1. Can you list, largest first and rounded to whole Å, the semi-axes you get for region B:1-160 by taking the square root of 5 times each eigenvalue of its Cα gyration tensor?
2. Averaging sequence separations of C-alpha pairs under 8 Å and six or more residues apart, then dividing by the length of chain B, give the relative contact order as a whole percent.
3. Could you give each residue of region B:187-193 its phi-based ³J(HN,Hα) in whole Hz, using Karplus coefficients 6.51, -1.76, 1.60 with θ = phi - 60°, and x for Gly or Pro?
4. Roughly how many Å is it from the Cα centre of region A:55-131 to that of region B:36-114, as a whole number?
5. Mind checking the dipole of chain B: about its Cα centre, +1 per Lys or Arg Cβ, -1 per Asp or Glu Cβ, Debye to the nearest 20?
6. Considering only chain B, what is the antiparallel percent among its DSSP beta bridges, to the nearest 5?
7. Inside 10 Å of the C-beta atoms of B:47-54, what's the mean count of C-beta atoms belonging to other chains?
8. Do the sum for chain B: with -39,500 (n - 2.57) for every DSSP H run of n ≥ 4, divided by all residues, what is the mean residue ellipticity at 222 nm, to the nearest 500 deg cm²/dmol?
Amino acid sequence: MSVSLRAAQVALAAVLLGSWEAGTRTGVLDKFFFSRPTDIGARLVQWITSGSLWPHLATTLAEAALAFAIGVSLGVTAGFALGRTRWLADLLDPFLRIANALPRVVLAPLFLLWFGLGIWSKVALGVTVVFFVVFFNTFQGVRDVDPVLVNNVRMLGASERQLVRHVLIPSALTWIFSSLHISIGFAIISVVVGEYLGSSRGVGYLIAQAEGVFDTTGVFAGMAALAAVVLVVGAGVNRLERRLLRWKPRASEVHDRSERSGI
Amino acid sequence: MRDITLDVAAGSFLSIVGPSGCGKSTVLNLIAGLASPSSGRIAVSGEPLQGLNRHASYMFQQDALLPWKSVAANIGLGLELAGTDPREVRSRTAEWVERTGLRGFAGKFPHQLSGGMRKRVAMAQSWIVDPGIVLMDEPFSALDVHTRLRMGGEILNLWADSGKTVVFVTHDLEEAIALSGEVVVLSAGPASRIVGRYAVDLPRPRNLIDIKTEPRFHELYAAIWRDLRGEVLKSYER
C-alpha cells in the first residue's frame, strides 16, 4: 500500500474521531449516549493495565478459534464429499438451503440449553456460520475445476487419489481462501453474539454488562478491542494467503462468489 | 461422426483437418479414451482400447497446465504421478527444460510465461513421459503466426527419429501439410466422415520457413483444398 494512501486513511480516522470528540465536548452529542473517544481510550488503557481485559479476550479468541477450526474442517469435508458425489448433493440440496436460510441468532438460546453457559454453546453457534461459508466455497471449488485440467492430469496417468491431491485440493483451496476472511470475521462475530446472549466471560459478556448499567464507554471500549483483534487476524490471513496462493496472477480479480451467510 | 475407419501407422505423423464442428477433437478424444464410441471399436497396437489410452499423451488446445505448479513441476508431473524416483524426475525435468528452451524459467508459474512458452511447457509435459502416441489438438491455434511456425519446427525436431506416432488436429491446412506425412480431411458435421486421405511426399527434414514456396507444396495444397473447400462451404450453410 502506498504511503500517501495510508496517510489519508489515518487522516480520515483522525477527522472522524476528532469531530466525535469535539461534538461531545461542545454538547452537540450527548456524552451519556455517545461516550467520547478519549474516555473510551482511557477505559481501554485501564482494562489493559489492570489486566481485566485479557481473560475476556482470551475466552472470545479461544471460542472463535474453535468455531473456526471445527467449521472449516466440517465445511471442507462436506464440500468435497458433495462436490464429488452428485446424487448426495442433489439429495441434500433443499435441506442445506433451509439450514443456511435460518437466522443463526435464534439458535443461540437452544445451544445455551444444550451446551450450557460455557464456551461450547458459543462455539456451536460459530460453527453453524463458518460451516456454510466454507462448505459452499469448497463445493464450488470442487465443482468448478476446469475439466481440461482434470483430463490432462488423467492422461498423464493420475489415479483418483492423485487427481484429488494435484488438482481438486489446490483448485478448491483458492475458493476456500477467498472465504477465509469472511469466515474468520463471522466466527468472531457469532461467538460474541453468543456471549452477549448468555455467558459469564468474553468480550460479548463485557459489552452486555456495560450495556446493563448504561455504560456506553464500556460498550464502545469492548467494540474497539474487538475491532483491533479482527484487524490483526485479518492481516495474518492476508500474509498466509499471499504465501499459499503465490502462483496466482497478482492483478487477478478476486473471485468471491461465495454464498454469504449472516448471523 | 459416422463410418469412420482410420488406421494410423506406428511412427507416422498424421494430421486431421476439417471445418469447425466436424469432430476433429472427438477423434482425438476417442483415441485417448476420454470418450468412448457409441458403436465401433478403437484398437491400439492391435488391442482393443479400454478406459484411458495408456500409450498416448495428449496436448490440449486450451491451457492445461496446472496454474499452481511451477514450470518444472508441471513438466515433471507425469513422471511424479508414475512414482518415478524424485532424483530422476529432477534430472529428466531439467533436461526437458533445456530441450524446450525454458532455461531460467523452471521456477516460474504458468501465468508468468508468454503463450508460446506455456505451449513449450505443455509440449515438454506430454513428451517427457515418453508415450508411443502423441495426440495434439490444435495446440498452437492461440499463437501468432511466427511463434506457430517455430513451435511446428520444434515439434518436428522432437518427432524426428523418435519413432512416435503423432496425430495432429488443426484447421490450418498449410500447417497440416508442412508438418505431416499424411493429411486426413473430415467432412462437415454432423455425421461427418472421411472425405479423403493424402500422402504428403515432401522430403524430410523439412524447413518450415521455406517449404511453403516449394511447387510440390502448392500442388498438394491445391489438391487437398479442392476437397476441403466443399466441406468448409457446407459448414457455412449449416
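Throughout, read-outs are computed from the coordinates displayed, never taken from laboratory work. Remember, it's a predicted structure, so these values are computed and weren't measured experimentally. Neighbour counts run over all protein chains shown; Cβ positions are idealised from the backbone, glycine included.
1. 28, 19, 14
2. Values: 375 pairs, mean separation 74.5, N = 238.
About 31 percent, as a whole number.
3. 7, 5, x, x, 6, 6, 9
4. 41
5. Rounded to the nearest 20 debye, it is 360 debye.
6. Rounded to the nearest five, the antiparallel share is 30 percent.
7. Shielding by partners across B:47-54 averages 1.
8. Values: 8 runs with 91 residues, N = 238.
It lands at -11500 deg cm²/dmol.
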